[in-house]
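To keep things clear, I will list the structure first and then write my remarks on it.
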Amino acid sequence: MGTESCVPIEPESQTSLLDACLQVDGVLIAGVPGAGGFDAIFCVIANDGDGEGSTFRRLLDVWEKREIRVCPLLAGGERSGILLEELDHLVA
């Protein structure tokens, strides 16, 4: 599909970046979401603190050494598990 449309699903530059990210201790998984096409990658990392040696800092070091420009969008998980939300609190 990617070859026929001339839009690679996982371009070589992204594969190279993902391979480098997967070599960083603490990276659990990395890939290209959706249909690919140069616009996004994801990395799921173990939360190992915010110190200088954190997984995120090491990932930034990897990204800065690549020809591809990366702008991280951070997200974190909740530790509270499944919650029952009351609709009254969600609707204004």
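The values are calculated or read from the model by the stated rules, or taken from the named source; none is laboratory data. Please read these numbers as outputs of a predicted model, since none were measured by experiment. Backbone-built Cβ (ideal geometry, glycine too); neighbour counts: all protein chains shown.
Just a few scattered comments:
- First in the stretch 60-80 and surrounded by 12 or more Cβ atoms within 10 Å (Cβ to Cβ), second anywhere and among the hydroxyl-bearing types (Ser, Thr, Tyr) and not in a loop (DSSP other than H, G, I, E, B), Cβ under 6 Å, 6 or more apart: Ile68/Ser13
Each row is one residue, and each column tells you yes or no for (1) within 16 Å of the chain's Cα centre (by Cα); (2) modelled with pLDDT under 85; (3) surrounded by fewer than 16 Cβ atoms within 10 Å (Cβ to Cβ).
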site	(1), (2), (3)
Cys6	no, yes, yes
Glu12	no, yes, yes
Thr15	yes, no, yes
Cys21	yes, no, no
Ala30	yes, no, no
Ala46	yes, yes, yes
Gly49	no, yes, yes
Gly53	no, yes, yes
Phe56	yes, yes, no
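- Of all residues in the stretch 62-77, those satisfying the criterion of being assigned to a loop (DSSP other than H, G, I, E, B) and more than 14 Å from Phe42 (Cβ to Cβ) are Lys65, Arg66, Glu67, Ile68, Arg69.
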